[in-house]
Amino acid sequence: MASPEVPLGDPVDARARDSATRFMREEPPDRGPHDPGERLGRFHTGRGPMPISGWIHYPAAWWRARRGQTPDRPWIVPAAIGWLRRRIRRDWSILELGAGRSTAWFARRAHRVLSFEDNQFWFEATSEQLSRSGLLNVDLRFRSVEDFPREVAGLPHAAFDLVVIDFLESPEVTRVDGLRPAREKVRPGGYLLLDDSDRPSYAKADDLLAGWRRKRFTGVKDAWPEVCETTIFRRPRK
Ligand SMILES: C[S@@+](CC[C@H](N)C(=O)[O-])C[C@H]1O[C@@H](n2cnc3c(N)ncnc32)[C@H](O)[C@@H]1O
C-alpha cells in the first residue's frame, strides 16, 4: 500500500537554488565525526570480519575499481542494493537524507523521492543527473545538515515506505540525530536504512529502533577500499 501523499515542491525548488547560490560563497562546512571505530584490518568492520556474502561480491568490486568503473547505484553495501531492488515497489514514497547516485536509482523504481542534500556540488550534480534522465518525481532540497532534523520533523508521520540515512554529518548533527525524527516518518511495516551502521557512534540507533526487525549487510562498497555495513530496519506493523 502506498503511504499518504507528502506534498512535493518543484523538482528542484526555487528556495534550493537561492540557498545553493548563498552557500557557493561560503567555506565548505566542517565534516565529521565519521568515527570508523577500532578495526582489525580493512576486511573487518567494527563488528567483526567480512562474512562469506561480502567475499562473494568482492572480486567483481575489485575488478570494477581497477577499471575505474562506478555503477550508477546507491553507495551502500552491494547485497543491500540487491535486497532493495527486490523490495521497492512502484507506489513507494522514499525519503533520503544525503543525495547522490542513489537518488536517480530510487526515482526509477519508486513513485516519488524526497531528498535532502547539503553539499552544493552534489546537489547540482544530482539535479543534473535527474534532468538528464527525465526523472520528474524527485523533490531535491538543498539544506544545511544542521537543518535536516528540523526539516524531517516537520514532515507528516508514517508518510514513507523507505527512509534512507546516508548523509555526511557535521560535528553538530550526526546520522543518529537525523534518524531520531526520521523513524516516525516510516509507515508501519516500512523500512529505515542506515548506512555505515557499524560505526560505534551509531550504536544508539539500535536503542532508538528497539522492537524493529533488522537486517545487516556487510561488504565492500563501489570504489571503496574497506568493508562496510548497511543495516535495514523494519518498523513493526503495530
Ligand atoms: C555517502 S554519500 C551517499 C550519497 C547517496 N545516498 C548515494 O548512495 O549515492 C554522502 C554524501 O556524499 C556526497 N556524495 C554523493 N555522491 C557522492 C559520490 N559519488 N562520491 C563522493 N561523495 C558523494 C553527498 O554530499 C552525499 O550527501
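Rule-based calculations on the coordinates, nothing more; no lab input. As the structure is a prediction and not an experimental result, all values here were calculated from the model. No Cβ is skipped: glycine too gets one built from the backbone with ideal geometry, and neighbour counts run over all protein chains shown.
Answer with yes or no whether Arg150 is in contact (Cβ under 8 Å) with a residue 60 or more places away in the chain, outside any loop (DSSP other than H, G, I, E, B), over 19 Å from Tyr191 (Cβ atoms) and not β-branched (Val, Ile, Thr).
no
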Segments classed as helices (runs of 4 or more DSSP H), wholly inside segment 48-144, with at least 1 members that are within 11 Å of the ligand (Cβ to nearest atom) and surrounded by fewer than 19 Cβ atoms within 10 Å (Cβ to Cβ): 101-109, 120-132
Going by the structure shown, is Val220 farther than 29 Å from Gly41 by Cα, surrounded by 22 or more Cβ atoms within 10 Å (Cβ to Cβ) and away from the ligand (no atom under 13 Å from the Cβ)? no
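Across segment 173-204, what is the total count of residues that are within 16 Å of the ligand (Cβ to nearest atom) and either out of contact with any Cys (no Cβ under 8 Å at 6 or more places or on another chain) or part of a loop (DSSP other than H, G, I, E, B) (or both)? Give the derivation first.
To start, the set of residues in segment 173-204 that are within 16 Å of the ligand (Cβ to nearest atom) comprises 173-179, 182, 191-199, 201-202.
Filter again for either out of contact with any Cys (no Cβ under 8 Å at 6 or more places or on another chain) or part of a loop (DSSP other than H, G, I, E, B) (or both), leaving 173-179, 182, 191-194, 196-199, 201-202.
Matching residues across segment 173-204 total 18.
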Among the residues of segment 188-196, is any aromatic (Phe, Trp, Tyr) and over 20 Å from Arg109 (Cβ atoms)? no
Can you pull out the residues in segment 188-215 that are in contact with a strand residue (DSSP E or B) (Cβ under 6 Å, 6 or more places away or on another chain) and of a type outside the set (Asp, Glu)? Gly190, Tyr191, Leu192, Leu193, Leu194, Ser197, Ala205, Leu209, Trp212, Arg213, Arg214, Lys215
If a residue has to be surrounded by fewer than 24 Cβ atoms within 10 Å (Cβ to Cβ) and within 10 Å of Arg235 (Cα to Cα) to count, how many in segment 163-194 make the cut? 6
Inspect all residues belonging to segment 97-105 and state whether any of them is of a type outside the set (Ser, Thr, Tyr) and over 14 Å from the mean Cα position of the chain (by Cα). no
What about Leu192, is it in contact with a Lys or Arg (Cβ under 7 Å, 6 or more places away or on another chain) and without any contact (Cβ under 8 Å) to a residue 60 or more places away in the chain? yes
